[in-house]
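Beneath this line is the structure, given in structure tokens, with notes to follow.
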Amino acid sequence: MQSAQATKSIRKPTNLSLDSALLKEAKALGINVSRSAEAGIAEAVKLHKKQKWLKENATALASSNSYVEANGLPLARHRQF
């Protein structure tokens, strides 16, 4: 969903420094360098946000996992699988 929003957002010209051999190869293959860079940056942002969330919530996740290990899943008796 975020990628759909990114394509609708306002695009801003930006200067990047890229490996010249890689850039030449990408152009030879017909790769849209701007879109590929944007996709890579979007993936990096997504990964960073995930890692940040996991770090910020590590205590709560550990607590929840400890509870389940000690007591089992709440409402497990109602599971049909």
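Throughout, read-outs are computed from the coordinates displayed, never taken from laboratory work. Since the structure is predicted, the reported quantities are computational estimates derived from the model, not experimental observations. Neighbour counts are summed over all protein chains in view; Cβ atoms, including those assigned to glycine, are modelled from backbone coordinates with ideal geometry.
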Subject >> Relative counts (whole %) of C-alpha pair distances in the stretch 19-69, using bins that are 10 Å wide >> reply: 22, 27, 19, 15, 13, 3
**OP:** Please turn the phi angles of the stretch 30-38 into ³J(HN,Hα) values with the Karplus equation 6.51 cos²θ - 1.76 cosθ + 1.60 (θ = phi - 60°), one per residue in order, whole Hz, x for glycine and proline.
**Re:** x, 7, 6, 4, 4, 5, 5, 5, 4
**OP:** Using label points projected 7 Å from each Cα along Cα→Cβ, tell me how many nm separate S9 and L75, to one decimal.
**Re:** 3.5
Subject >> DSSP loop trypsin sites (Lys or Arg not before Pro) with at most 12 other Cβ within 10 Å: longest gap in the chain >> reply: 12-78
**OP:** Please compute the net charge surrounding K46, taking Lys and Arg as +1 and Asp and Glu as -1 over other residues with Cβ under 13 Å from its Cβ.
**Re:** +1
